[in-house]
Amino acid sequence: MLDELADEFGYMQAGMELKKARERTRLMISTRTAATCDYVEAVRSMTAINFVADAFNGKVDTVLTNVKHDNYGTLAQQIKDAYALVNHLGKPFKDARILPEYLQARLEELHWATVAHELKMKEREWTCYI
């Protein structure tokens with residue numbers, strides 16, 4: 001849904017920034033810079049990191065389906081709460097946790113999605129006047 005919104009407004013700065021933010025989060029996952037843990041053994045480390053990343057991304061993706069032009073603050077808090085919860089629940093797995101940089105990347109994604117939704121709403125209002 002957000003990728004479609006980014007494509008729709010790709011010619012505007014908000015659409016371009018949303019695309020960049022989405023690409024940045026994908027890159028952080030693929031390069032394994034979104035999460036970490038203290039396991040020494042590679043297999044256990046990879047499993048714990050994948051687990052917390054999947055849990056966090058599932059929660060964030062659910063939050064992002066509710067983006068509107070006027071609910072950034074509420075959704076940002078839900079993402080921060082998901083970050084705190086996933087990091088707390090990851091402690092038994094050698095402190096598996098989402099890194100603050102990844103949280104910021106997902107919040108930036110939310111920011112630009114909110115801006116793009118606002119532009120879409122204004123565009124609809126404008127077409128109603130025509």
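Can you name every one of the helices (runs of 4 or more DSSP H) wholly within the range 8-97 that holds 2 or more residues which are under 30 Å from R124 (Cα atoms) and among the β-branched types (V, I, T)?
On the way: elements: 13-30, 42-64, 72-89.
Here the list reads 42-64, 72-89.
Which residue out of E101, E17 is buried (at least 17 other Cβ atoms within 10 Å of the Cβ) and among the charged types (D, E, K, R)? If you could, list the steps in order and put the result at the bottom.
Working: E101 fails: buried (at least 17 other Cβ atoms within 10 Å of the Cβ).
The unique qualifying residue is E17.
Return the total of residues in the range 39-93 being surrounded by 13 or more Cβ atoms within 10 Å (Cβ to Cβ) and without any contact (Cβ under 8 Å) to a residue 60 or more places away in the chain.
The first filter runs over the range 39-93 and keeps only residues surrounded by 13 or more Cβ atoms within 10 Å (Cβ to Cβ), leaving 39, 44-57, 59-60, 63-64, 67-69, 71-72, 75-76, 78-80, 82-83, 85-87, 89-90, 93.
In the following step, the residues that additionally are without any contact (Cβ under 8 Å) to a residue 60 or more places away in the chain were identified as 39, 44-57, 59-60, 63, 68-69, 71-72, 75-76, 78-80, 82-83, 85-87, 89-90, 93.
Adding up the residues that qualify gives 35.
Read-outs throughout are calculated quantities, based only on the coordinates presented, and are distinct from any laboratory measurement. Predicted model only: the values in this text are computed from it and were never measured. Cβ sites come from the backbone with ideal geometry, for glycine too, and all protein chains shown count toward neighbours.
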